[in-house]
Amino acid sequence: MKRIYVKEEWCLGCHLCEYNCAFANSGLTDMVKALRDKPIYPRIQVETDENGVTYAVSCRHCTDPICVKSCIAGALSKKDGVIEIDHSKCVGCLTCVLVCPYGAVVEDGSGVAQKCELCMKNSCGAPACVKGCPNGAIVYEERQAVPASD
Amino acid sequence: MSQLEGQVRIPSGCAVSAMISRDGRRMNGESIIESMIPMHDRSNGLGGGFAAYGIYPEYKDFFALHIFFNSRQCQSECMTLLKEYFEIVQDEHIKVRKLPQITDEPIIRRVFVSPMQSVLRHLQIDEKELVVRIVNRINAQLEGSYVFSCGKNMGAFKAVGFPEDVGRYYRLEEYEAYCWTAHGRYPTNTPGWWGGAHPFCMLDYSIVHNGEISSYDANRRFIEMYGYKCTLQTDTEVITYIADYLLRRQGLTLEETASVIAAPFWSTIDAKPEAEKQTLTYLRNAFPSLLVTGPFSIILGFEGGLMALNDRLKLRSMVVGEQGDMVYIASEEAAIRVMAPDITNIWSPAGGEPVIVKVKEGAF
Amino acid sequence: MNFYPEFEVERNDSRCIRCRVCERQCANEVHWFDADGKVMLSDESKCVNCQRCVTLCPTRALKIVKSDCRLRENANYSDQTIKEIYRQAETGGVLLSSMGNPNPLPVYWDKILINASQVTNPPIDPLREPMETRVFLGKKPKHIRRNADGTLDTKLAPQLTLSMPVMFSAMSYGSISYNAHASLARAATALGIYYNTGEGGLHEDFYQYGKNTIVQVASGRFGVHKDYLEAGAAIEIKMGQGAKPGIGGHLPGTKAVGDVSKTRMIPEGSDAISPAPHHDIYSIEDLRQLVYSLKEATEYRLPVIVKVAAVHNIAAIASGIARSGADIIAIDGFRGGTGAAPTRIRDNVGIPIELALAAVDKRLRDEGIRNNVSIVCGGSIRSAADVVKAIALGADACYIATAACLAMGCHLCRSCHTGKCNWGIATQRPDLVKRLNPDIGSERLINLMNAWRHEIKELMGGMGINSIEALRGNRLMLRGVGLTGKELEILGISHAGE
Amino acid sequence: MKHYVIIGNGVAAAGCIEGIRSVDTESSITVISAEQHPVYCRPLISYYLEQKTDPERMNYRTPTFYADHGVTVLYGKTAEKIDAGTRQVTLNTGETLPFDALCNATGSAPFVPPMKGLETVREQFTFMTLDDALSLEKAVTPESKVLIIGAGLIGLKCAEGLHDRVREITVCDLAPRVLSSILDETCAAMMQKHLEANGIEFLLGNSAKEFKGNTAIMQNGDKVDFDVLVLAVGVRPNTALIKNAGGDVNRGIRVDAACRTSLPEIYAAGDCTEYRDISADTDKIMALMPNAYMQGHTAGVNMAGGEAVFDQAIPMNSIGFFGLHCHTAGSQPEGCEMYEEADEKHIKRLFVKDDKLTGFMLIGHMHRTGIYTALIRNQTPLSTVDFARLKLEPQLAAMGSAYRSKVLKGVV
């Protein structure tokens, strides 16, 4: 399946992915209306390492997802490889946040969990972070289970 | 006054026709004249002409210069020049038949010449090269004189008019040739000039051509590096020079020459067996400026044969017929059917595929 | 002396979402976020109008505009002229500029129009018929030779084979970034054309692209060694550059860092100064010696290019080069780009490539030596139309660099000499170099060239020409508009309507 | 074709079903469900009272879950006896079910200590099952005064659930602090303060010793009046079936990392078991939902002939009250060092021993805490990561570029 992968050598640390993510999942059609004067709760996080290398972290859509196994409400599930969250079932216990080893499940600002769903459920249709990355540092593609050295 | 060939480049459409006996049988001009009649509409009366091979057996060792002069003064100026380099073997009028359709005639002379050996030794060139140089000089520099044919045992006959009228005007039924080519012209914006009619000749090469080549200036500017002067700015002229350059001066074969002028596409070349691919690649690489693009169907006449060639996209019509020892080539099948009414073997050669016909060795 | 900034940052606060991408992406540090007022602020005096922030601003909240605060109008002493005087009065220094001459000098390409077929001759549809753009660069044989069996001896002097008549011209590793070189090398390889190392040597990572690389030997001889010469497909001797004829080059020590210094074979941090002349070439016969030295060194396997700036007597110079043993002459016109050049030189020395090319092609034909060399012209070839016009004037191929930089993201802010290229091209700062992802850079170069190739084919098809060699030197396909008789004469073309 | 029997119908059972079916899609599975509900997760009952969910959405899986997995559920039946020798289960109805492999997922039951006069309390409830919650819901009114015995996870979640439905809630516990099983004093104090700010009253270090109708008499002699009593003192694992079958049972059913009991082909998973806490290297009852699922899944895979282990169990809890969240995991072994950050609204305490993160308590800021959890779970030597940075913020950046590459460039 296609997943989001990071090419950190090309990440500029511009954080546009976070804004594009927040906008894509806002349900609004205007970015200004969606994001101006508000804190953003993106499902992708740009990190900076000790050498100043930046890269974006979002859900890995693990083959053996501990978040799905840990969800007390059965709100997280894996469909066709995509780990989805059913917001109507989530009660906001945040157990998923506690167990995700990559810190990819985060609170949405209102107390419930959210995570990258590859923009399958919003109007974007394909990951907004990938589309908006100005330098090809985030890609959406098929890769083999053996870690590719890219 | 409108500009003539040489002052401006004039595009034109055309009709071509040719007949050749592989056995070297000589035939009078009646048939080739007739062949142009069904293609009347391909010409517009502004130029017609013929080339005939094997017509001067008694003078076959001499260059036969056919020359237009605008005046007696031009004629004497030109003859003075010729005499510096050649012995004049014979200097005569070309006999014509007065016709109402053919007007504004220049003085038309036929001069058989033989290069002076002392001159050749002095210039360290061969006789053909001398002829080329002097003819180029006359045509480029002597205003009012125009050598329109300069080969051995062959001659071109051309005028402003429809080709069938031109043929009768020159009384071609009185000449006997083993190979005839003919041309009718449809220039788009000129009153026509006798010199501008086809065929265009250089030594024994004659070209009749239907088309308008888009590579003209690339070809011209290249060939002019080698002493040729494209005074007429016509396709036929430049193609004749290209043929002369490749065949005579570079020593390419007819097939190789065709592969330069109408080079196969790279996609075709790249798919060929290695040896052939190398040769074709070499020819395109070595003579890129002699690739001729745009529509053309040409018939190149030379001593002992002819070659017909279409542009590589075959943007102009050309059909070939074969019957017995005879080969016929024309813009339209109708013309061939005039020359050989009961012919059965008629085909249309592919673009860029040369049709080479040679008279049996020793038969001309 | 303080001036009002040349550009103003216009920020539409009602659209700004404070994402701070402008701040993060500006190497000139124009923008910053004021946490107290929660607003973005800017120092416009630092802005070079590279448009990086404008391009990346996700809400189009930004634009950079030319400031209208000008000195009193004076047609003779322009605002810029006066400010340059102030700057020089302050610093006592030579003014530096980058990229090509921006002044409104004639662009002859724009005054030349291309022919098309109508009625008497059919245009050719490149989507239906083959349309060939393959070009060979190198000496053509004077006479054919035959083998004993009568077949043609197909051996030729070394040639470059181009899928289309465009190459990426010299930009050194140092003047541009590793990623820019990677993009050019990868694109040239994918396209079947060539890129040029410039005078900076060849980074070891790029030897793999050698088949599509022209290695340059310039007056400083930086990075030149045997393996380098042998790595490429051709060797270019750089005698001059259109943007700065008559002067050498200067890579400041700040750019000679890391791999750049290693590749140039100079100590880290040292200025790389290429002298104005090659000190072993004070005359044409010296050039011939260098040409043959390089041929000897590479066993006559590679064609040698001699690149010269278009200067007044270019035709005579070219004639000399054509007899020097060189296989290809590259002529660089005065509008060509540079990573840094003295402003006065860039803007006042040299002649337009169109005139130089026409004069050279004509001279070589007049002398019957056009077949000795191929001609490559550069110095602001901006489009497929320019390419077609150049070929029709007589060039075998064109060199492009500014257009290639634009494809890679350059916004022509003409600040290369500062080393802070926000687009990751003319810089060695790792954080900026990173901004040019060669996956993207090479793809964009490939796209550009493919687009041009399509356009060249369309233009050729319109002229009824289906192979590029039939266009070369085919000046009948060109007409001038608004040119004087003298200009037309030099260009060797007729006026439109003639 | 095998016969699998699962006793219990909680999350461990669901895990077991999914584990079996990941290996064996053919054989029969029978689930013995004491409750009349399809699988739901018990911790959700407080959210039900809070009206954040409803019985339909509480379903742990889709309505067609059992059908999709080819499972027969015997609702309202209980297992009376397991015969390990003949491999059959006897139900309360007297029926017997043969099995090839069995999973005991019986969970736990509320523990109600003997208290004098308890029988005099009319409205008394435990708080474990959906039925408990439904009964409690019926019993309370906006005027109710509720006394909850037990300030642990269940008691406090019950308090939060009832908060908007009743007039007054008092929570008492013998322990001196709230959430004593997972929080230390400082953290408990912050949590308690927050609960009190939301109107919950506490009587700590003090519990009811006697009831007289609707009055509780506390150990210190105080009297507390109430309308409704909730007993949330604690739970005990349901171990009887295994114990009676001769299995090894301590406080819980002892299982190994493959979730095997001491009896052949009999597995156990979930709250009824006692297993290894790798953070403390001791066996424990860790009645935690995520662990229950993973144990169930592990048991299922092994029952069906596959191979699986769950050897990364640690205690962990994610719990929040009235918007203040708390994450805890692992343990605080003797001699561990503590890294602390704290302000009024948040606390971060990380416990380190022998170059490993052994546990943490976080209140207030829950961003990406799973990265810490993974450090405990994977027993990552802290010398191999940039712990100084990690302390400040959980981030992959501190985990080294090789790990990051593996995670972000490959399939994990």
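The values are calculated or read from the model by the stated rules, or taken from the named source; none is laboratory data. The shown structure was predicted, so the numbers you read here are calculated from the model rather than taken from an experiment. For neighbour counting, all protein chains shown are included, and Cβ atoms are generated from backbone atoms with ideal geometry for every residue, glycine included.
Residues in the range A:35-52 that are part of a loop (DSSP other than H, G, I, E, B), facing chain D (nearest Cβ under 7 Å) and under 30 Å from C:Asn12 (Cα atoms): none. Taking the criterion of being touching a residue at least 40 places away in the same chain (Cβ under 8 Å) and aliphatic (A, V, I, L, M), the residues of the range A:1-31 that qualify are A:Met1, A:Ile4, A:Val6, A:Leu12, A:Leu16, A:Ala24.
Number of residues in the range C:84-107 that are among the basic types (Lys, Arg) and either more than 28 Å from C:Ala309 (Cβ to Cβ) or at pLDDT 95 or above (or both) equals 0.
If you check A:Tyr5, A:Tyr55, A:Tyr102 for being part of a loop (DSSP other than H, G, I, E, B), under 22 Å from D:Val412 (Cα atoms), of a type outside the set (D, E, K, R) and facing another protein chain (nearest Cβ under 7 Å), only one passes: A:Tyr102.
Each residue in the range D:19-58 was checked for being farther than 20 Å from D:Ala287 by Cβ and of a type outside the set (A, V, I, L, M, F, W, C), and 18 of them qualify. Among the residues of the range D:33-53, some residue qualifies, meaning at least one is buried (at least 18 other Cβ atoms within 10 Å of the Cβ), of a type in the set (Gly, Ala, Ser) and away from every other protein chain (no Cβ under 14 Å). For the range B:318-338, residues that are in contact (Cβ under 8 Å) with a residue 24 or more places away in the chain and within 29 Å of C:Gln118 (Cβ to Cβ) total 8.
Can you tell me which residues in the range D:364-381 are away from chain A (no Cβ under 11 Å) and either at pLDDT 95 or above or within 16 Å of A:Cys100 (Cβ to Cβ) (or both)? Step through it out loud before you land on a result.
In the first step, residues of the range D:364-381 are kept if they are away from chain A (no Cβ under 11 Å); the result is D:364, D:379, D:381.
Scanning the range D:364-381 gives a single hit, D:Pro381.
Within the range B:315-334, can one find any residue that is within 14 Å of chain C (Cβ to nearest Cβ) and surrounded by 19 or more Cβ atoms within 10 Å (Cβ to Cβ)? Reasoning before the result, please.
Step one: filter the range B:315-334 for residues within 14 Å of chain C (Cβ to nearest Cβ), giving B:315-317.
Next, from what is left, pick out any that are surrounded by 19 or more Cβ atoms within 10 Å (Cβ to Cβ): B:315-316.
So far as the range B:315-334 goes, yes, one or more of its residues are within 14 Å of chain C (Cβ to nearest Cβ) and surrounded by 19 or more Cβ atoms within 10 Å (Cβ to Cβ).
Among the residues of the range C:163-176, how many are assigned to a loop (DSSP other than H, G, I, E, B), of a type outside the set (Gly, Ala, Ser) and more than 14 Å from chain B (Cβ to nearest Cβ)? Before you say what the answer is, go through the steps one by one.
Keep residues of the range C:163-176 that are assigned to a loop (DSSP other than H, G, I, E, B), which gives C:163-165, C:169-172, C:174-175.
In the following step, the residues that additionally are of a type outside the set (Gly, Ala, Ser) were identified as C:164-165, C:171.
Filter once more, so that each one left must be more than 14 Å from chain B (Cβ to nearest Cβ): C:171.
The total comes to 1.
Just to verify a result, which residue in the range A:9-34, among those that are in contact with a Ser or Thr (Cβ under 7 Å, 6 or more places away or on another chain) and of a type outside the set (A, V, I, L, M), is farthest from the other protein chains (Cβ to nearest Cβ)? Filtering the range A:9-34 for residues that are in contact with a Ser or Thr (Cβ under 7 Å, 6 or more places away or on another chain) and of a type outside the set (A, V, I, L, M), the one farthest from the other protein chains (Cβ to nearest Cβ) comes out as A:Cys11.
In the range A:71-82, the count of residues that are crowded, with 19+ Cβ neighbours inside 10 Å, touching a Leu at 6+ places or on another chain (Cβ under 9 Å), farther than 30 Å from C:Arg435 by Cβ and without any contact (Cβ under 8 Å) to a residue 40 or more places away in the chain is one or more.
Quick check on this structure: which one of C:Glu498, C:Glu469 is within 14 Å of chain B (Cβ to nearest Cβ) and farther than 30 Å from C:Lys139 by Cα? Quick ask: steps written out before the conclusion?
Working: C:Glu469 fails: farther than 30 Å from C:Lys139 by Cα.
After ruling out the rest, the residue left standing is C:Glu498.
Return the residue satisfying two criteria in turn: it lies in the range B:149-168 and is in contact with a Phe, Trp or Tyr (Cβ under 9 Å, 6 or more places away or on another chain) and surrounded by fewer than 24 Cβ atoms within 10 Å (Cβ to Cβ), and of such residues it is nearest to B:Ile32 (Cα to Cα).
The initial filter retains those residues of the range B:149-168 that are in contact with a Phe, Trp or Tyr (Cβ under 9 Å, 6 or more places away or on another chain), namely B:149-161, B:163, B:166-167.
Adding the requirement that they be surrounded by fewer than 24 Cβ atoms within 10 Å (Cβ to Cβ) leaves B:152-153.
Values: B:Lys152: 21, B:Asn153: 19 Å.
Here the answer is B:Asn153.
Residues checked against (1) more than 14 Å from chain B (Cβ to nearest Cβ); (2) more than 29 Å from C:Asp347 (Cβ to Cβ):
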position: C:Arg370; (1), (2): no, yes
position: C:Val373; (1), (2): no, yes
position: C:Gly394; (1), (2): no, no
position: C:Leu406; (1), (2): yes, no
position: C:Cys421; (1), (2): yes, no
position: C:Gln428; (1), (2): yes, no
position: C:Leu432; (1), (2): yes, no
position: C:Leu448; (1), (2): yes, no
position: C:Ile465; (1), (2): no, yes
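Among the listed residues B:Glu276, B:Glu361, which satisfies the condition of being closer than 30 Å to B:Asn153 by Cα and among the acidic types (Asp, Glu)? Of B:Glu276, B:Glu361, the one residue that is closer than 30 Å to B:Asn153 by Cα and among the acidic types (Asp, Glu) is B:Glu361. Number of residues in the range B:173-229 that are within 11 Å of the chain's Cα centre (by Cα) and closer than 22 Å to B:Lys128 by Cα: the value is 11.
Those strands (runs of 3 or more DSSP E) of the range D:32-116 in which 3 or more residues are over 23 Å from the mean Cα position of the chain (by Cα), at positive phi and assigned by TED's automatic domain parsing to the domain that holds D:Leu174 are absent.
The numbered conditions (1) in contact with a helix residue (DSSP H, G or I) (Cβ under 6 Å, 6 or more places away or on another chain); (2) within 26 Å of C:Pro245 (Cβ to Cβ); (3) basic (Lys, Arg) are all true for C:Lys140 except (2).
A:Gly136 passes every criterion in (1) in the same structural domain as A:Gln45 (by TED's automatic domain parsing); (2) in contact with a strand residue (DSSP E or B) (Cβ under 8 Å, 6 or more places away or on another chain) apart from (2).
Step by step: first the residues of the range C:142-162, then only those that are in contact (Cβ under 8 Å) with a residue 40 or more places away in the chain and assigned to a loop (DSSP other than H, G, I, E, B), then the one that is surrounded by the fewest Cβ atoms within 10 Å (Cβ to Cβ). Which residue is that?
First pass over the range C:142-162, keeping only residues in contact (Cβ under 8 Å) with a residue 40 or more places away in the chain: C:142, C:157-160, C:162.
Subsequent filtering for residues that are assigned to a loop (DSSP other than H, G, I, E, B) retains C:142, C:157-159.
Values: C:Lys142: 10, C:Ala157: 12, C:Pro158: 17, C:Gln159: 19.
It comes out as C:Lys142.
Does B:Arg312 fit the bill of being out of contact with any strand residue (DSSP E or B) (no Cβ under 7 Å at 6 or more places or on another chain), over 23 Å from C:Ser374 (Cα atoms) and surrounded by 21 or more Cβ atoms within 10 Å (Cβ to Cβ)? For B:Arg312, the condition - out of contact with any strand residue (DSSP E or B) (no Cβ under 7 Å at 6 or more places or on another chain), over 23 Å from C:Ser374 (Cα atoms) and surrounded by 21 or more Cβ atoms within 10 Å (Cβ to Cβ) - is met. Criterion applied to B:Phe296, B:Phe287 was being modelled with pLDDT under 95 and touching a helix residue (DSSP H, G or I) at 6+ places or on another chain (Cβ under 8 Å), and the one residue passing it is B:Phe296.
When the residues of the range B:260-293 are filtered to those that are small (Gly, Ala, Ser) and either without any contact (Cβ under 8 Å) to a residue 60 or more places away in the chain or part of a loop (DSSP other than H, G, I, E, B) (or both), the one that is farthest from the other protein chains (Cβ to nearest Cβ) is B:Ala271. Being facing another protein chain (nearest Cβ under 8 Å) and closer than 26 Å to D:Met294 by Cα is the requirement here; does A:Arg60 meet it? So A:Arg60 passes the test.
Those strands (runs of 3 or more DSSP E) of the range D:171-266 in which at least 3 residues are farther than 30 Å from D:Asp283 by Cβ, considering only elements entirely within it, cover D:200-204, D:208-212, D:215-218, D:223-225, D:228-231. Within the range C:253-280, residues that are under 16 Å from C:Asp205 (Cβ atoms) sit with their Cβ atoms under 6 Å from residues that are among the charged types (D, E, K, R), at 6+ positions apart or across chains, in these pairs: C:Ser261/C:Glu268.
Out of curiosity, is B:Phe302 farther than 26 Å from C:Glu129 by Cβ, touching a residue at least 40 places away in the same chain (Cβ under 8 Å) and touching a Leu at 6+ places or on another chain (Cβ under 8 Å)? Before you say what the answer is, go through the steps one by one.
Values: farther than 26 Å from C:Glu129 by Cβ: yes; touching a residue at least 40 places away in the same chain (Cβ under 8 Å): yes; touching a Leu at 6+ places or on another chain (Cβ under 8 Å): yes.
So B:Phe302 passes the test.
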